[in-house]
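The values are calculated or read from the model by the stated rules, or taken from the named source; none is laboratory data. Model, not experiment: these values are computed from the prediction. Quick reminder, even Gly has a Cβ in these numbers, built from the backbone with ideal geometry, and neighbours come from all protein chains shown. Heads up: the accessible areas ignore ligands, DNA and RNA and are worked out on the full protein's heavy atoms, side chains in. Shrake-Rupley method; radii C 1.70, N 1.55, O 1.52, S 1.80 Å.
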Amino acid sequence: TLLGFSRSTLSCDYYGKTLKKTSDLKSNACLAPSQPIPAFILKALKKIHPEVTAKYYGCGLVVPECLEGCRLLDLGSGSGRDCYMLSQLVGEKGHVTGIDMTEDQLEVARKYVDHHTQEFGYEKPNVDFVQGYIEALKEAGLKENSFDIIISNCVVNLSPDKRKVLSDAYRVLKDGGELYFSDVYSSSKLSDEIKNHKVLWGECLGGALWWEDLVRLAQEVGFSPPRLVTANVVTVDNMELEAVLGDYKFVSATYRLFKIPKISNKGSLVIYNGNITGFEESLEFDSQYTFKVDEVVEVDGEVASILSHSRFAEEFTFQPPGLPAGCSVKKPKVGTVNPFELVLQLGSATVSSATGGCCGAE
């Protein structure tokens, strides 16, 4: 549509021409609070060229677990920071593709392919970058059933067609694949005034999806029900923008969506084996489930189906419900898919500071 085209053009201009570095952002919605980063990820980030890091505008850090040997797609890869970090985690036998609509950002990313190949000690690059729109993956030449994991970092909100983003992601994922992404969500449907506000759109707020619409759209295109991982309050310390936003509230949240067969109604007992790099003692799968090594955990049919039909299948031992008397079984805590509810449950620890912002650890 004309409206969609104009918004895409606005985003290209905003992230390619208006913004030259992270400090040029006018609100804190696309920045991130200071939180601990796992040592193995920090090590990978330190190997990335400074120009790539300086021109990266994503919110937080989007790093799913169990990546060795995987084929991974980064939606809205920007200057390539996440791609180069993840290229180290998937290893030389894995591969990372970044897609972005902004030529200026892609130019930075492509400039350092050979540099990072040498820096990581690889014989040949395991990263490539494609120009295109995240709601038009087929047109960008990305084939169906070709990726194990898709990530996205504060980018889906910039698309005028969220349903198409999700349906295209579903199409290019392999069976058992996952869309693991962070983005900004609103407390209710946004007004046209906010949706069409140029600065709010470029700052990740004007295009924010109502969280209930995400839950609905994800399942309509075929994904399993979204699993909520984290949520943080987004604060906007800009009086002019606050006046326009009124009573609308925003959170940044990370969800995981899986492409798996029909969800089973049967729960299971699972035991995590501790073989995932960086998560040798425990795996915080989402806000409801944390799996400690050798601990027997009761999971519902939805999570049992996800674990048994995805890349996590070999990382767990599965047993039918019911153990001999005396065996200890950990019961799950009550889960939620509502990021605003999760923020309230977790308390002030998840509230971003006035100079912080969005989706995770920077």
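Table: residues versus (1) open to solvent by 30 Å² or more (accessible area, probe 1.4 Å); (2) in a strand (DSSP E or B); (3) closer than 30 Å to residue 313 by Cβ.
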| position | (1), (2), (3) |
| --- | --- |
| 73 | no, yes, yes |
| 125 | yes, no, yes |
| 134 | no, no, yes |
| 137 | no, no, yes |
| 144 | yes, no, yes |
| 169 | no, no, yes |
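For residue 185, the conditions (1) buried (at least 19 other Cβ atoms within 10 Å of the Cβ); (2) assigned to a loop (DSSP other than H, G, I, E, B) are fulfilled apart from (2).
What are the residues in the range 192-212 that are more than 17 Å from the chain's Cα centre (by Cα) and open to solvent by 10 Å² or more (accessible area, probe 1.4 Å), if any? First the steps, then the outcome.
As a first pass, look at the range 192-212 and keep what is more than 17 Å from the chain's Cα centre (by Cα): 192-203, 206, 212.
Across the range 192-212, the qualifying residues are 192, 193, 195, 196, 197, 198, 199, 212.
Looking across 138, 55, 124, one residue alone is farther than 24 Å from residue 278 by Cβ and at pLDDT below 95. It is 55. When the residues of the range 328-340 are filtered to those that are over 15 Å from residue 268 (Cα atoms) and not charged (D, E, K, R), the one that is most open to solvent (accessible area, probe 1.4 Å) is 334. The set of residues in the range 229-251 being within 17 Å of residue 210 (Cβ to Cβ) and out of contact with any helix residue (DSSP H, G or I) (no Cβ under 8 Å at 6 or more places or on another chain) consists of 234, 246, 247, 250. Under the condition of being closer than 20 Å to residue 179 by Cα, open to solvent by 30 Å² or more (accessible area, probe 1.4 Å) and either aliphatic (A, V, I, L, M) or not in a loop (DSSP other than H, G, I, E, B) (or both), the residues counted in the range 270-312 number 4. Could you check, for the range 146-161, whether at least one of its residues is in contact with a Leu (Cβ under 9 Å, 6 or more places away or on another chain), of a type in the set (Ser, Thr, Tyr) and more than 18 Å from residue 255 (Cα to Cα)? Checked against the condition, which is being in contact with a Leu (Cβ under 9 Å, 6 or more places away or on another chain), of a type in the set (Ser, Thr, Tyr) and more than 18 Å from residue 255 (Cα to Cα), the range 146-161 yields at least one hit.
Among the residues of the range 93-109, the ones that are in contact (Cβ under 8 Å) with a residue 24 or more places away in the chain and outside any strand (DSSP E or B) come to 10 in all. The single condition among (1) closer than 23 Å to residue 276 by Cβ; (2) open to solvent by 10 Å² or more (accessible area, probe 1.4 Å) that residue 64 does not satisfy is (2).
In the range 178-190, is there at least one residue being touching a Lys or Arg at 6+ places or on another chain (Cβ under 8 Å) and either more than 21 Å from residue 287 (Cα to Cα) or free of Cβ contacts under 8 Å to residues at least 60 places away in the same chain (or both)? No.
Could you check the range 19-46 and list, in sequence order, the residues that are modelled with pLDDT of 55 or more, open to solvent by 70 Å² or more (accessible area, probe 1.4 Å) and within 17 Å of residue 79 (Cα to Cα)? If the condition is that a residue be modelled with pLDDT of 55 or more, open to solvent by 70 Å² or more (accessible area, probe 1.4 Å) and within 17 Å of residue 79 (Cα to Cα), then 46 is the only one that fits.
When 254, 230 are checked against the criterion of being touching a residue at least 24 places away in the same chain (Cβ under 8 Å), open to solvent by less than 40 Å² (accessible area, probe 1.4 Å) and under 14 Å from the mean Cα position of the chain (by Cα), a single residue qualifies: 254.
Does any residue in the range 80-92 that is outside the structural domain of residue 152 (by the TED database) come within less than 6 Å, Cβ to Cβ, of a residue that is modelled with pLDDT of 95 or more and hydrophobic (A, V, I, L, M, F, W, C) six or more places away or on a different chain, and which pairs are these? Close Cβ pairs (under 6 Å, with a partner that is modelled with pLDDT of 95 or more and hydrophobic (A, V, I, L, M, F, W, C)) do not exist here.
The set of residues in the range 193-250 being hydrophobic (A, V, I, L, M, F, W, C), over 19 Å from residue 135 (Cβ atoms) and not in a helix (DSSP H, G or I) consists of 205, 228, 229, 231, 233, 234, 236, 250. Inside the range 112-123, residues that are out of contact with any Gly (no Cβ under 9 Å at 6 or more places or on another chain), outside any loop (DSSP other than H, G, I, E, B) and either closer than 29 Å to residue 157 by Cβ or open to solvent by less than 90 Å² (accessible area, probe 1.4 Å) (or both) make up a count of 4.
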